[in-house]
Amino acid sequence: MTLDVKSLRSVVRGVGSCLPKRSVSNAELESMVETSDEWIVQRTGILQRHVAADGETTSTLASGAARAALAAAGCEPSDIDLIVLATSTPDLTFPATATLVQAGLGMTQGAAFDVQAVCAGFVFAVAIADNFLRSGSHRRALVIGAETFSRILDWNDRSTCVLFGDGAGAIVLEAEPGTGAVADRGVLTSQLRTDGRYRSKLFVDGGPSTTKTVGHLRMEGREVFRFAVGMVSDVVEAAFAATGTTAQDLDWFVPHQANRRIIDASADRLGIAPQKVVTTVQMHANTSAASIPLALAVACADGRIKRGHLVMIEAMGGGFAWGSALIRW
Ligand code: UT7
């Protein structure tokens with residue numbers, strides 16, 4: 001069958017996730033840094049996070065999520081011709097973690113590459129894969145967000161080490177004819193932004209070309225918080241404007257899971273009803289590029305997100321980089 005590229009849509013066929021076996025409670029962190037369960041819960045909503053063991057890496061978690069998404073989609077690795085993997089914690093400086101996943105799945109066809117947009121990485125990866133699929137150049141994509149942030153945390157810095165976790169989530173996107181209308185299934189719009197002036201507010205203080213080390217995550221949390229709600233609201237409103245939809249039309253709002261207070265404040269500002277908000281930060285903490293697909297996997301598995309539902313994803317993080325995508329499931 002040849003496809004009419006003018007009206008192609010990238011439709012979600014399946015979702016999957018993979019978490020490290022070990023979960024770490026707030027109480028366990030109390031023995032490592034001067035913090036308390038009460039502070040972490042009140043300021044962030046986080047109850048626990050998963051932390052990768054030595055043998056668990058970004059690529060092994062990503063491969064687990066990819067296999068689960070393929071199974072949910074009823075696809076084989078041989079059906080995939082594109083892997084876009086968002087991560088800031090690659091297994092190696094090169095090659096791309098996506099190629100490790102490709103090899104792990106036994107794939108020799110197609111193209112696989114990484115995307116680096118920190119916490120907004122999954123939204124950027126969805127937008128990139130969507131553009132490849134709608135151009136007609138590729139047919140079926142695995143879009144993955146995978147991280148092992150535990151490896152770049154300064155475990156002596158209580159202002160950051162309690163906030164992050166490890167994990168991976170993935171979706172299978174497939175090009176399918178649409179009508180161009182907002183009733184189509186698939187990615188309806190994506191809105192991406194960056195502003196490099198904010199680099200010092202959230203960054204890693206190392207890298208191959210500067211320190212020749214991996215470095216540690218550094219964040220001015222209060223400053224990031226100050227920008228987060230406004231930035232994510234702007235890109236969500238841009239997605240509404242691009243599609244002629246409103247907050248009332250949404251079935252589910254699946255934001256980046258950094259902080260319960262940012263999630264609640266964003267939904268409130270956008271006029272999105274609390275019962276439409278998918279929140280998993282309490283279980284996973286902030287898993288950067290993995291947080292949205294992990295939340296999607298939870299809300300699909302428990303039956304909340306169903307075929308035909310209108311789902312808004314959004315994220316903001318280091319760079320700053322931020323974005324949104326509106327998807328009809
Ligand atoms: O995913 C990328 C985007 N990242 C984010 O969205 C993170 C955005 N920022 C946040 O989520 C919040 O700013 C934090 C959770 C990081 C911090 O919450 P906050 O309400 O902004 O607290 P704060 O930074 O203003 O710190 C309040 C106090 C400080 O003490 P003083 O100066 O008031 O005496 C901190 O030293 O809390 C102290 N503190 C802690 N106390 C116990 C900082 N970390 C901890 C800790 N345990 N782990």
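Bear in mind that the values in this text are calculations on the coordinates, not laboratory data. Bear in mind the structure is a predicted one, so any value in this text is a computation, not a measurement. Please note: Cβ atoms are built from the backbone with ideal geometry, for glycine as well, and neighbour counts cover all protein chains shown.
Once you sort the root eigenvalues of the Cα gyration tensor of region 186-328 as a ≥ b ≥ c, which label holds: rounded (a/c under 1.5), prolate (a/b larger than b/c) or oblate (the other case)?
Working: a/c = 1.97, a/b = 1.68, b/c = 1.18.
In terms of gyration-tensor shape, prolate.
Using Cα pairs closer than 8 Å and at least 6 residues apart in sequence, work out the relative contact order for region 225-329, in percent.
Details: 164 pairs, mean separation 36.4, N = 105.
Contact order relative to length: 35 percent.
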Alpha-carbon centroids, region 136-180 and region 95-132: separation in whole Å: 10
Helix-only mean residue ellipticity at 222 nm for the chain, each DSSP H run of n ≥ 4 adding -39500 (n - 2.57), per residue, nearest 500: -9500 deg cm²/dmol
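May I ask for the net charge around T245, where only other residues with Cβ less than 12 Å from the Cβ of T245 are counted and Lys, Arg are +1 while Asp, Glu are -1? Don't skip to the end; give the middle numbers.
Working: positive: R328; negative: E237, D249, D251.
Net charge in that neighbourhood comes out at -2.
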With Cα atoms, 0 to 90° folded angle of helix 221-243 axis to the chain main axis: 10
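In which sequence would M312, M283 go, from the one with the fewest C-beta neighbours within 10 Å to the one with the most? List each step's numbers first, then the result.
Details: M312 25, M283 19.
Ascending number of Cβ neighbours within 10 Å: M283, M312.
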Within the chain, longest stretch clear of exposed GluC sites (Glu not before Pro) (DSSP loop, no more than 16 other Cβ within 10 Å): 35-219
DSSP bridge orientation in region 5-177 - percent antiparallel, rounded to nearest 5: 70
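Starting from 0.36 nm per residue, how many nanometres of slack lie between Q248 and T213 once their C-alpha separation is accounted for? Numbers along the way, then the final one.
Numbers: separation 35, 0.36 × 35 = 12.60 nm, distance 4.75 nm.
My answer for the length gained is 7.8 nm.
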Nearest 10 degrees, 0 to 90: helix 260-270 Cα axis against the chain principal axis: 40
Label zone at N131 (point 7 Å along Cα-to-Cβ), backbone N below 14 Å, region 159-194: 189-194
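Given Cα pairs under 8 Å that are at least 6 residues apart, what percent is the relative contact order of region 76-153?
Relative contact order for region 76-153 comes out at 45 percent.
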Tilt relative to the chain, helix 58-73 - C-alpha long axis, 0 to 90 degrees, to 10: 40
Region 5-177: C-alpha gyration tensor shape, a/c 1.5 cut-off, then a/b vs b/c: prolate
Mean Cα-pair separation over length for the chain, i.e. relative contact order, pairs under 8 Å, 6 or more apart, %: 26
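Among 62-74, 193-205, what's the highest-first ranking by average C-beta atoms within 10 angstrom per residue? List each step's numbers first, then the result.
Working: 62-74: 22.5, 193-205: 14.8.
So the peptides 62-74, 193-205, ranked by packing, come out 62-74, 193-205.
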Top positive-direction residue, dipole computed over the chain with Cβ charges, set A325, W39, G196: A325
Selection from L133, A98, P20 lying farthest towards where the dipole of the chain points positive, charges on Cβ: L133
Near-label residues of region 143-157 by backbone N, under 20 Å of a point 7 Å along Cα→Cβ of E220: 154, 157
Distance-filtered residues of region 103-125 - backbone nitrogen under 12 Å, label point 7 angstrom along S78 Cα→Cβ: 107-109
